[in-house]
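Some notes on the structure that comes next.
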Amino acid sequence: MGASVALVAPSMLAQSPAGAATELDQPAIWPAADVVFATPEEAAADFVSEVLISEGDPVLGEFQQGDARSGEIAVLFAGETGDLDPPRQSGVLLMRQIGPTDGWYVIGATSDGAVIDSPSASQRVPAGALTVSGVGRGFEGTLAVAAFPPGDATGTFDRQIGAGGAFEELEPFSVDLDLSGAAAGEVVVILVRGDTGLGSDPGTFAAVPVVVAAGPSVTVPPTK
């Protein structure tokens, strides 16, 4: 599993100059496109802190290098009092260094307790109703499904509750999210989470980025 790494303070991040629009070479779920983290550990810690836990410090595994610009970082849970040894693996963050900022970004998240089958990562989706389906488990079978902009988990476009498995077995879920508030070309994070009941427990989770397409064309009926 590798040793855990310490939380990197948010003051370590940098931003593009004010007013400068940034469009990444590929969609990412965290942070926002104009926020630059110099290391994958910084980007991963910020995502866990802002999205997956509400108290305590993130506990992460060592960065596992893939190619020269990508890799993975395990999200760990050390117990409510930090006494689990070794910590339990909650899931994995997929990391990539993306241009033009060359910062590190989270491009996806997976765990054994939640799987998003549809939509797929980077899929173009309608600016309206979007069906999110897959398999998962959560506390009393509850799965929270949310859509929000990268880097802003509080700016939720929509949030719905789905029903999955309540025990070890994953069961199918399907919910409809409303993305009508998103602009054409905007990247939206789709996040599925099991309800853990512990502020320091990342729980079960999965996340993918999607890209909002232009809204459906309106056909005006011919006049008589």
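The values are calculated or read from the model by the stated rules, or taken from the named source; none is laboratory data. In this text the structure is predicted, and so the values were computed from the model without any measurement. Neighbour counts run over all protein chains shown; Cβ positions are idealised from the backbone, glycine included. Quick note on the areas: whole protein, heavy atoms, side chains included, nothing else; ligands and nucleic acids left out. Shrake-Rupley method; radii C 1.70, N 1.55, O 1.52, S 1.80 Å.
When restricted to residues that are assigned to a strand (DSSP E or B), of a type in the set (S, T, N, Q) and within 24 Å of Gly203 (Cα to Cα), the stretch 93-139 contains 5.
Restricting the stretch 100-115 to residues that are among the β-branched types (Val, Ile, Thr) and open to solvent by 30 Å² or more (accessible area, probe 1.4 Å), the residue that is farthest from Ala146 (Cα to Cα) is Thr101. Scan the stretch 112-127 residue by residue and report those that are at pLDDT 95 or above and in contact with a Pro (Cβ under 8 Å, 6 or more places away or on another chain). Within the stretch 112-127, Ala121, Ser122, Val125 meet the criteria.
Look at (1) touching a Gly at 6+ places or on another chain (Cβ under 8 Å); (2) surrounded by 19 or more Cβ atoms within 10 Å (Cβ to Cβ) and you find that Gln65 fails only one, number (2). Restricting attention to the stretch 126-157 and to residues that are open to solvent by 30 Å² or more (accessible area, probe 1.4 Å), under 28 Å from Glu186 (Cα atoms) and of a type outside the set (A, V, I, L, M), the residue that is farthest from the chain's Cα centre (by Cα) turns out to be Pro126.
Restricted to the stretch 158-190, and to residues that are assigned to a strand (DSSP E or B) and touching a Lys or Arg at 6+ places or on another chain (Cβ under 9 Å), which residue is most open to solvent (accessible area, probe 1.4 Å)? Top of the filtered list is Glu171. Among all positions in the stretch 48-68, there is at least one residue which is of a type in the set (D, E, K, R) and within 12 Å of the chain's Cα centre (by Cα). Here Gly79 passes the criteria (1) out of contact with any strand residue (DSSP E or B) (no Cβ under 7 Å at 6 or more places or on another chain); (2) in a loop (DSSP other than H, G, I, E, B); (3) open to solvent by 40 Å² or more (accessible area, probe 1.4 Å) except the one numbered (3).
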